[in-house]
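The values are calculated or read from the model by the stated rules, or taken from the named source; none is laboratory data. Everything numeric here is computed off the predicted structure, so don't read it as measured data. When we count neighbours, we look across all protein chains shown, and the Cβ atoms used for this are built from the backbone with ideal geometry, even at glycine. Surface areas here come from the heavy atoms of the whole protein model, side chains and all, with no ligands, DNA or RNA. Shrake-Rupley method; radii C 1.70, N 1.55, O 1.52, S 1.80 Å.
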Amino acid sequence: MTENNHKTVLTGGCQCGAVRFAVSKVPPKVSICHCRMCQKASGAPFASLADIEHEHFTWTRGKPATFQSSSIAERDFCAACGTPLTYRLIGGPRIEIMTGTFDRPDRVVPTRQYGTESRLGWVVGIANLPSQTTMQNYGPEKMATITSHQHPDHD
């Protein structure tokens with residue numbers, strides 16, 4: 001149960017586990033944003049964001065640091081590990097959560113795109129690139145030597 005007295009539907013957090021959150025409603029809008037500001041904020045070719053009303057969102061462990069990325073918006077991130085967590089319009093009723101921070105990112109599927117004026121030309125073709133699993137890339141011997149310091153996808 002979250003402090004907003006709604007049933008938890010989805011949870012997530014940063015890479016190190018210092019900051020965790022819960023949502024009590026399935027986000028009604030999940031999008032990909034290609035704008036240059038989202039590219040810089042995510043360190044990726046685009047950001048994927050799940051939009052939810054503040055009343056259905058709560059921080060359950062720790063509090064994020066905040067960067068005011070423009071005159072109208074703030075972005076929350078973990079001060080300990082740097083994971084980008086959210087995008088918020090200042091004073092707005094909603095928060096947009098980076099979908100990769102959900103424990104089950106497969107449950108927040110994008111249905112629209114924004115900022116397409118900055119979409120990188122090669123993004124459209126990534127599904128057709130040759131691919132490998134992590135095990136195929138590193139091999140079992142190398143994988144056996146790796147110790148993850150990442151927080152598990154659950155509390």
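Pairs spanning more than 25 Å between alpha-carbon atoms, out of LYS40/LYS63; LYS7/LYS40; LYS40/LYS142: LYS7/LYS40; LYS40/LYS142.
Give me the percent relative contact order of region 63-155, please, defined on Cα pairs under 8 angstrom at least 6 residues apart. Present the calculation step by step, with values, prior to reporting the outcome.
Details: 68 pairs, mean separation 13.0, N = 93.
Reported as a whole number, the value is 14 percent.
Shown are TYR138, TYR114, whose ranking by accessible area with a 1.4 Å probe and every protein chain present, most to least, is TYR138, TYR114.
For ASP76, the shell of other residues with beta-carbons less than 13 Å away shows a net charge of +2, using +1 for Lys and Arg and -1 for Asp and Glu.
Counting only DSSP beta bridges whose two residues both lie in the chain, roughly 90 percent are antiparallel.
Determine, from the Cβ-Cβ distance of PHE67 and ASN137 and an R0 of 25 Å, the FRET efficiency 1/(1 + (r/R0)^6), rounded to the nearest 0.05. Mind showing how you got there, number by number?
Details: r = 33 Å, r/R0 = 1.31.
Plugging the Cβ-Cβ distance into 1/(1 + (r/R0)^6) gives 0.15.
Within the full protein context, the accessible area of GLU74 is estimated at about 40 Å² for a probe radius of 1.4 Å. Approximating the spin labels as points 7 Å out from Cα along Cα→Cβ, the THR145-to-GLU117 distance works out to 4.9 nm.
Please report, in debye to the nearest 20, how large the charge dipole of the chain is about its Cα centre when each Lys and Arg carries +1 at its beta carbon and each Asp and Glu carries -1 there.
Values: 16 positive and 13 negative charges, 40 e Å.
Computed charge dipole of the chain: roughly 200 debye.
Solvent-accessible area per residue in region 18-155 equals 60 Å², computed with a 1.4 angstrom probe and all protein chains kept. In this structure CYS16 has an accessible area near 60 Å², from a 1.4 Å probe over the protein heavy atoms.
Roughly how big is region 47-137's charge dipole about its Cα centre, with Cβ charges of +1 (Lys, Arg) and -1 (Asp, Glu), in debye to the nearest 20?
Values: 9 positive and 9 negative charges, 24 e Å.
The calculation lands at about 120 debye.
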